[in-house]
Structures are given as structure tokens and as C-alpha cells.
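Asker: Right, I'll just put the structure down here and ask away after.
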Amino acid sequence: MTGGAAGSVHEDIYLNDQGLPLSLDKPVFSGVGCDRLSFDWANDYTLQIHYETVCVINQFTNRWSRPSDVAVGKPNPIEIVLIRK
């Protein structure tokens, strides 16, 4: 939490390659004061991030590739989509 007496919630969303140690250095999404933030997978390669009305987005990456795919030369990027309700 940050801010004055009322405060604001800072929320980060990270993607990580399954089986690798968790890496919290680069969020794909970082925002403050996001009302009803949620996410779901539309399919194996599309992550949807949902939020309502007010949201101060500090960091957003719309594509992410698994390090294991990049290492073998076949990046299959995941698309990250923001959806304002």
C-alpha cells in the first residue's frame, strides 16, 4: 500500500516459465489504484488483464516470450491484452 490515509494498492502481474525459479524483476503489468483488477487466459497464448475505470498503469508489456522457447530458437510469444470494463 502507498499513499496517504486512504492509501492506494500497487499491483504487479508477472509471467514466469513453468519449472524455473520465480523471477520478480520485470512485471508485465504494474498499476496503482486499479479497480477490480483481474486476469484470465483466453487461450494458451493470450493473457487478458481486466480492470475498471481508474487505473494508473506504470508498466505494461504487450508481448512476453518464455525463456525456454527463446533458448531453443523458437519463441512463441504470449500476447497480453488490457481490457477496461
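The values are calculated or read from the model by the stated rules, or taken from the named source; none is laboratory data. From a predicted model like this one, the values you see are computed outputs, not experimental measurements. As a convention, Cβ positions derive from the backbone with ideal geometry for all residues, glycine included, and neighbour counts pool all protein chains shown. Each accessible area value is taken on the protein alone, full model and side chains, heavy atoms only, with ligands, DNA and RNA left out. Shrake-Rupley method; radii C 1.70, N 1.55, O 1.52, S 1.80 Å.
This table checks each residue for (1) of a type in the set (Asp, Glu); (2) in contact with a strand residue (DSSP E or B) (Cβ under 6 Å, 6 or more places away or on another chain).
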| site | (1), (2) |
| --- | --- |
| Asp12 | yes, yes |
| Gln18 | no, no |
| Asp25 | yes, no |
| Phe29 | no, yes |
| Ser38 | no, yes |
| Asn58 | no, yes |
| Arg66 | no, no |
| Gly73 | no, no |
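Asker: Also: Within segment 14-36, count every residue that is open to solvent by 30 Å² or more (accessible area, probe 1.4 Å) and closer than 14 Å to Phe60 by Cα.
Answerer: Total meeting the criteria: 4.
Asker: Still on this model: If we keep just the residues of segment 54-74 that are modelled with pLDDT under 85 and surrounded by 14 or more Cβ atoms within 10 Å (Cβ to Cβ), which is farthest from Ser30 (Cα to Cα)?
Answerer: Within segment 54-74, the match that is farthest from Ser30 (Cα to Cα) is Asp69.
Asker: Do you know which of the residues in segment 37-49 that are under 15 Å from Glu79 (Cβ atoms) and either in contact with a Phe, Trp or Tyr (Cβ under 7 Å, 6 or more places away or on another chain) or among the basic types (Lys, Arg) (or both) is most open to solvent (accessible area, probe 1.4 Å)?
Answerer: Checked segment 37-49; the qualifying residue most open to solvent (accessible area, probe 1.4 Å) is Gln48.
Asker: What is the residue count in segment 1-16 for residues that are of a type outside the set (A, V, I, L, M, F, W, C) and modelled with pLDDT of 85 or more?
Answerer: Here the count works out to 5.
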